[in-house]
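Each reported figure results from applying straightforward, stated rules to the coordinates on display, with no laboratory input. It should be emphasised that the depicted structure is a prediction, and the values quoted were computed from it without experimental measurement. With ideal geometry, Cβ positions are generated from the backbone for all residues, glycine too; neighbour counts draw on all protein chains shown.
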Ligand SMILES: Cc1ncc(C[n+]2csc(CCOP(=O)(O)OP(=O)(O)O)c2C)c(N)n1
Ligand SMILES: [Mg+2]
């Protein structure tokens, strides 16, 4: 039976984790996402589903615990906010290199440095352009509601295991802290070790029943071989790009102008679209749900029918680069953003669209 | 007697454990890593725990440990083996998890992970190769490098006023309530090898009995890094390293 509850985005992450058969959560407190760990500690899932919850000594430890758990074929995750996610970058690169599945939630705050605890989207580059070392990609989901925090967490685990790749849920302090109605997913049982042995023959659960040892590693010193490893990764990324693009459109079909925004910004832009439509200006909203893979061809198609696009972000202009790459010069692409923890108002966005694209 | 008559099962007095693979080891002749690998493999076989044992390899000369001992392994980032082991142990409580780490890995970059895994009393064994140097990267100073010791980054010898003191991390780990067994061993003579093997066995037994964290330090040679012959390195270790790192049990509960 599905339950509807009123809760914070961070709480929804914790609830959804338990319900979608998560085996282990490892995390370190940081505002504005500490409620994830706090909620888990109150819910005590180890008594109900056997899920392990551990407060680690740092985000470095958290992500490496995630590596260890993922290497055993377990559904493991961590969550943090920007400075903590920075500490995890080496580990994420290792996880991507060793082709392990895991979920990482970033409830982004404003930076750089210690910055602010207020919401921001300034970790877009870090998430989709690399962050850690080497040629790897994080499949990235950008929830825009508390409901999507829960939905995307479960989807993230499915994608992580489908592609044996780390998946980032890139949220922000606004969605993490706000309360909304959520329909929680049904309980899904955790896999037994026997089921894991069958489903994930690469997992290190001990050699029992196998002639060959399993080794989880990202090391390959022979360049010719390391190039092949990279080729395999690139092939996987092409597959992800072909199959996993997700996006949402709002009044785009007859639009003369498009707002392009993800997560919290998209929620605000929806209101801006309504205000502009009231004035008779035909504006639509294009919301990428996956930031990697990016909806390149879909945005390109819209570029053929609109006069211009405005990328609206809570940062100094990051995703706008991907919008421009997708549009490829067909129409002007402008940017409007607030940063450092500031949140744009719908009216500001209306004004920006008029000034930057209609003047 | 012909050679064929001698090579009979009943005449066999010593053999290689099948858990040691036939992959030629990349270790320098005279290095302690190979001996410790062999002892760990032998103990795993003798205890019959190869099906439930998971090793966590470090970044350091032992990064390829998984090529030599035929069990499941995970290769960690530099210093993070105890974090991996923590998760593996907690998610697979019936397994036998150990880390294998050098002194740079365990006592410099991974100090926090080491101390916190030990302090939580994770049911794991930590095998710690203290060769007083960064072997893999070509012989730089380690946290454990003893006073006056010449390395590529302490060419005039370690000056403790400048570079700090050799870190006696095992002593530090004894005061943590989560450790049940901390011992310091060596593998440079037949007698020390026998004692070291007993220590490895005890560490695994503690792990299976869920007694907490066991730490076995091996004061080791790195004759290449130390720029000595294997024989000189053994002598130098006994003369100098054992003064800073005396052998024996530091804690046994
Ligand atoms: C994050 C990171 N920093 C530095 C290195 C380079 N590095 C590889 S091994 C090593 C030192 C290994 O020394 P130790 O742990 O004492 O092992 P040994 O080789 O002596 O057995 C260093 C610094 C690395 N691989 N990763
Ligand atoms: Mg060393």
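Using a Gaussian network for chain A with springs between C-alpha atoms less than 10 Å apart, which of these wobbles most: A:285, A:330, A:153? Judging by the Gaussian network model, the answer is A:330.
In terms of its C-alpha gyration tensor, region A:1-130 has an oblate overall shape, because the principal axis ratio a/c (a ≥ b ≥ c, square roots of the eigenvalues) is not below 1.5 and a/b does not outweigh b/c.
Put simply, the Cα atoms of region B:27-252 extend 49, 32, 29 Å along their principal axes, the longest span coming first. In this rough spin-label picture, where each label sits 7 Å from Cα along the Cβ direction, the residue B:210-residue B:5 distance is 5.7 nm.
Note on the protein assembly as shown: antiparallel DSSP beta bridges, both residues inside, total approximately 25 percent of the bridges counted. For a test of the definition: using alpha carbon positions, the gyration tensor, and the 1.5 limit on a/c, classify region B:64-182 as rounded, prolate or oblate. Judged from the Cα gyration tensor, region B:64-182 comes out oblate (a/c at least 1.5, b/c at or above a/b). Which whole-angstrom value gives the distance between the alpha carbon centres of region A:85-152 and region A:183-249? Spelled out, the Cα-based centre of one part sits 19 Å from the other. Shielding value for A:55-63 is 5, the average number of Cβ atoms from other chains within 10 Å of each residue's Cβ. For the peptide B:51-61, the mean number of other protein chain Cβ atoms found within 10 angstrom of a residue's Cβ is 3. Spin-label pair residue A:235-residue A:321: with each label point 7 Å from Cα along the Cα-Cβ axis, the two points sit 3.0 nm from one another.
Were the residues from residue B:191 through residue B:26 laid out at 0.36 nm apart, the gain over their Cα-Cα distance would be 56.9 nm. Just to confirm the number: angle between the C-alpha axis of helix A:223-243 and the first principal axis of chain A, 0 to 90 degrees, nearest 10? In chain A, helix A:223-243 runs at an angle near 50 degrees to the longest axis. Packing order of peptides A:26-33, B:190-197, highest average first: A:26-33, B:190-197 (average count of other Cβ atoms within 10 Å over each peptide's residues). Peptide A:200-213 has a mean of 5 when you count, residue by residue, the C-beta atoms of other protein chains within 10 Å of its C-beta. For the listed peptides A:169-177, A:271-279, B:173-181, a ranking on the average number of other beta carbons within 10 Å per residue, highest first, reads A:169-177, B:173-181, A:271-279. Helical runs (DSSP H, four residues minimum) scored at -39500 (n - 2.57) apiece and divided by the length of chain B put the mean residue ellipticity at 222 nm at -9000 deg cm²/dmol. When you restrict to C-alpha pairs under 8 Å that are six or more residues apart and normalise by the size of chain B, the relative contact order lands at 19 percent.
Kindly identify region A:248-358 as rounded, prolate or oblate by the Cα gyration tensor criterion: order the square roots of the eigenvalues as a ≥ b ≥ c, call it rounded if a/c is under 1.5, otherwise compare a/b with b/c, prolate if a/b is larger, else oblate. Rounded, since a/c falls under 1.5.
Using R0 = 22 Å, the C-beta based FRET efficiency linking residue A:158 and residue A:219 works out to 0.15.
With respect to chain A, whose longest principal axis is taken over its alpha-carbon atoms, helix A:263-278 is tilted by about 20°.
Taken along its principal axes, the alpha carbon cloud of region B:36-92 reaches lengths of 29, 28, 14 Å, longest axis first. Largest mean-square fluctuation among B:225, B:138, B:79, in a Gaussian network model of chain B whose springs join Cα atoms under 10 Å apart, belongs to B:138. Taking every DSSP helix (H) stretch of at least 4 residues in chain A, weighting each as -39,500 (n - 2.57) and dividing the sum by the residue count yields a mean residue ellipticity at 222 nm of -12500 deg cm²/dmol. So how tilted is helix A:34-43 from the main axis of chain A? Cα-based, degrees 0 to 90, rounded to 10. Once rounded, the angle reads 50 degrees.
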